[in-house]
Amino acid sequence: MEHAISLFIRSIFVDNMIFASFLGMCSYLAVSKNVKTAFGLGVAVTFVLLITVPINYLLQTKVLSADGIFHTDLTYLSFILFIAVIAGIVQLVEMVVERFSPSLYAALGIFLPLIAVNCAIMGACLFMQQRIDMDPATSSQAISGIGDAVVYALGAGLGWLLAIVALAAVNEKMAYTNVPKPLQGLGITFITVGLMAMAFMCFSGLSI
Amino acid sequence: MNKLFSKENKAVFLAPLNIDNPILVQILGICSALAVTSQLEPAIVMGLSVTVITGFSNVIISLIRKTIPNRIRIIIQLVVVAALVTIVSMLLKAFAYDVSVQLSVYVGLIITNCILMGRLEAFAMMNGPWESFLDGIGNGLGYAFILVIVGAVRELLGSGSLLGFKLIPDSLYANGYSDNGMMTMPAMALIIVGCVIWVHRSLNKEEKK
């Protein structure tokens, strides 16, 4: 339990997807400049992470690894299988949401297809794959068991949501400032993210 | 032979290097660009890997573009890219193990690099294999170019060396110069890319609306 809480807090603040590993910025930079859409995108990413990371965890430990059902080390197939699972799940989630909750679909609709190529999802799966080998007794990043995988996915998703909403809020205010012409738009966005990443660096070393 | 290097093909190859640069102008593939640039060597290796993968995935998709059903094209593109990335990742592990450890998950993340999907969708799906190959290599090199600039600045200011060779003389350190540790932190990568965009846009003013 203690390990799970520590993993959760770490994955939100210390190993923040955007500020520590720059994952999933492309879709954000291309899509949105206001808080509402950023929030929608964040919720969609968290949702997809919560489904794909545990599935890929089971795939990695029960099928691909040397003590899986085939008793051979198939991990070299992991890139192809992970991305296929992500693309498939995104399609499936889109269809299910459209069928059962049209209002949620209207809110998330445009973002769902984009998520298949969002680096944050693939990134979380690859980090999860790396962390399976770590020892939970010594490292608070270790993922041992399906519960940890769910906790990690939730933490990574919420961290991404937090970062993206904060950045969108800053960007909204940026419209009223006098930025040098060539720096407007993309340039100043990068510098803003850089300054925010510096602020998030204070969280490193945080442990419970 | 003349047809292979016609004017249009030259433009296809050269545009992404400067005025249509994937990172600076098309805003593609930023995620991995920042994480691997704390030193020059991984930046170069990453840039080359992406160049090879964009080139060949463009050719493959361009060759089979008429047979791909439209509805499932994204998944097919992803699988082709993932297969190429797997090959590159194995080659890196075999021939450049240290760098591949440094790059860690970012080699795998080339799959979701938006440059690849962007070029496949926007170019390879409607052009022949040779043009697509040039377009892929051009975009890969445009990406690598930015990575090298950012990597060089960060390594020079952050650890006083380039490709591991000390460039700042010891006498400077003796007189109180010290490396800027901040440069090796992720945050500075973003700020340097911001500055590169600033310079690029100032130089190419007439291009902008």
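What follows is calculated from the coordinates using simple rules that are stated; it is not laboratory data. Everything numeric here is computed off the predicted structure, so don't read it as measured data. No Cβ is skipped: glycine too gets one built from the backbone with ideal geometry, and neighbour counts run over all protein chains shown.
Computed extension gain for residue B:87 through residue B:174, at 0.36 nm per residue and net of the alpha carbon distance, reaches 26.6 nm. In this structure, residue A:5 and residue A:104 have a Cβ-Cβ separation that, at R0 = 41 Å, corresponds to a calculated FRET efficiency of about 0.90.
Each residue of segment A:121-129 was assigned a 3J(HN,Hα) from its phi angle through the Karplus expression (A = 6.51, B = -1.76, C = 1.60, θ = phi - 60°), giving 5, 4, x, 4, 5, 6, 4, 4, 4 Hz with x at Gly and Pro.
Per the helix-only calculation at 222 nm, which mean residue ellipticity applies to the protein assembly as shown, given -39500 (n - 2.57) for every DSSP H run of n ≥ 4 and division by its residues, nearest 500 deg cm²/dmol? Display every interim value, and only then the final one.
Numbers: 20 runs with 271 residues, N = 417.
After summing the helix terms and dividing by residue count, I get -21000 deg cm²/dmol.
Between the beta carbons of residue B:162 and residue B:101, assuming R0 = 25 Å, the FRET efficiency works out to 0.75 to the nearest 0.05. Database remark: amide H of residue B:162 closer than 5 angstrom to the amide H of B:167 (H placed geometrically; neighbours at sequence offset of 5 or more, or on other chains; Pro and chain starts carry no H).
Across peptide A:180-186, how many C-beta atoms of other chains are within 10 Å of each residue C-beta, on average?
Numbers: counts 3, 5, 10, 7, 3, 4, 10.
Counting other chains' Cβ atoms within 10 Å and averaging over A:180-186 gives 6.
Working note: Debye formula, equal point scatterers on the alpha-carbon atoms of chain A, no solvent; log10 I(q)/I(0) at q = 0.16 Å⁻¹ is -1.07. Build a GNM of chain B with springs between Cα atoms under 10 Å apart, and of B:153, B:45, B:25 the one that fluctuates most is B:25.
Take peptide B:198-204, look around each residue's Cβ out to 10 angstrom, count Cβ atoms belonging to other protein chains, and average those counts.
Working: counts 10, 3, 2, 8, 5, 1, 1.
Other-chain Cβ atoms within 10 Å of each residue's Cβ, averaged: 4.
Cβ crowding within 10 Å, taken as a proxy for footprinting-reagent exposure, orders B:20, B:135, A:133 from fewest neighbours to most as A:133, B:20, B:135.
Suppose a student asked you for the relative contact order of chain B, using Cα pairs under 8 Å spaced at least 6 residues apart; what percent would you report?
Values: 260 pairs, mean separation 73.3, N = 209.
That works out to 35 percent.
Rounded to the nearest Hz, the phi-derived 3J(HN,Hα) couplings of segment A:92-100 under the Karplus curve 6.51 cos²θ - 1.76 cosθ + 1.60 (θ = phi - 60°) are 5, 4, 4, 5, 5, 4, 5, 6, 9, where x marks glycine and proline.
For segment B:116-209, which chymotrypsin sites (Phe, Trp or Tyr not before Pro) are in a loop by DSSP, counting at most 13 other Cβ atoms within 10 Å?
Details: sites: B:123, B:130, B:133, B:143, B:145, B:165, B:173, B:177, B:198; in loops: B:123, B:177.
Of the chymotrypsin sites (Phe, Trp or Tyr not before Pro), the ones in loops of segment B:116-209 whose Cβ has at most 13 other Cβ atoms within 10 Å are B:177.
Residues in segment B:84-100 carry Karplus couplings, in order, of 4, 5, 4, 4, 4, 5, 5, 4, 4, 4, 7, 10, 9, 4, 4, 5, 5 Hz; the curve used is 6.51 cos²θ - 1.76 cosθ + 1.60 with θ = phi - 60°, and Gly or Pro positions show x. Segment B:7-208: D in µm²/s via Stokes-Einstein (Kirkwood Rh, Cα pairs, 20 °C, 1.002 mPa s)? In µm²/s, the coefficient rounds to 120. Put a dot 7 Å past the Cα of residue A:130, heading toward its Cβ, do the same for residue B:68, and the two dots end up 2.9 nm apart. Just checking the listed ones, B:151, B:176, B:142: in the Gaussian network model of chain B with Cα springs under 10 Å, the one fluctuating most is B:176. Ellipsoid fit via the Cα gyration tensor, the protein assembly as shown: semi-axes of 30, 28, 24 Å, each the root of five times an eigenvalue, largest first.
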